[in-house]
Amino acid sequence: MTSEEVEEIVRNEGEGSLSIVSHGVTLAQALVRPKQIVLIDRIVRDGSVTDKELSVWLVGRERSDGGYMIVMREEDFEFGLATQGFRTAKHPILTGWYGSLISTFEGM
């Protein structure tokens with residue numbers, strides 16, 4: 001999948017909703033040119049921590065340092081949020097998957 005194809009998916013998902021506001025920014029302001037990044041999906045179960053690295057598309061972000069990042073999974077076009085996490089973290093940390101671009105943006 002190319003960044004242009006991801007951009008088209010994001011454009012279709014956001015159509016008619018670019019003016020909605022979350023955390024003081026509109027969806028239009030939060031969107032960025034898609035680029036692939038690696039993030040950590042951290043699972044805590046029965047006192048054990050398991051980190052799994054995922055390759056996702058970064059498609060949006062808050063304008064403040066350390067703010068939320070909107071990401072998209074390529075295999076099912078599901079959107080989610082990630083944060084920078086601890087300074088020692090190798091990659092951003094997945095907060096969760098929210099489904100659509102709009103529900104993810106509103107969940108910021």
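Odds and ends about this structure:
- Every test in (1) within 17 Å of Q84 (Cβ to Cβ); (2) aliphatic (A, V, I, L, M); (3) touching a helix residue (DSSP H, G or I) at 6+ places or on another chain (Cβ under 9 Å) is passed by L27 save one, and that test is (1).
- Just one of (1) aliphatic (A, V, I, L, M); (2) in contact (Cβ under 8 Å) with a residue 40 or more places away in the chain; (3) buried (at least 19 other Cβ atoms within 10 Å of the Cβ) fails for I37. It is (3).
- Qualifying residue in segment 77-92 (condition: farther than 18 Å from M108 by Cβ and in contact with a Lys or Arg (Cβ under 8 Å, 6 or more places away or on another chain)): no
- Within segment 41-55, the residues that satisfy the criterion of being surrounded by 10 or more Cβ atoms within 10 Å (Cβ to Cβ) and either touching a residue at least 24 places away in the same chain (Cβ under 8 Å) or closer than 12 Å to I93 by Cβ (or both) are D41, R42, I43, D51, K52, E53, L54.
- Residue in segment 82-104 that is charged (D, E, K, R), touching a residue at least 12 places away in the same chain (Cβ under 8 Å) and outside any strand (DSSP E or B) present: yes
- When each of V32, V49, V6 is tested for being touching a Gly at 6+ places or on another chain (Cβ under 8 Å), on the phi < 0 side of the Ramachandran plot and either modelled with pLDDT of 95 or more or outside any loop (DSSP other than H, G, I, E, B) (or both), the lone residue that passes is V32.
- With respect to the conditions (1) surrounded by fewer than 19 Cβ atoms within 10 Å (Cβ to Cβ); (2) touching a strand residue (DSSP E or B) at 6+ places or on another chain (Cβ under 7 Å); (3) at pLDDT 95 or above, I102 falls short on a single one, namely (2).
The values are calculated or read from the model by the stated rules, or taken from the named source; none is laboratory data. Keep in mind it's a predicted model, so treat the numbers as computed, not measured. With ideal geometry, Cβ positions are generated from the backbone for all residues, glycine too; neighbour counts draw on all protein chains shown.
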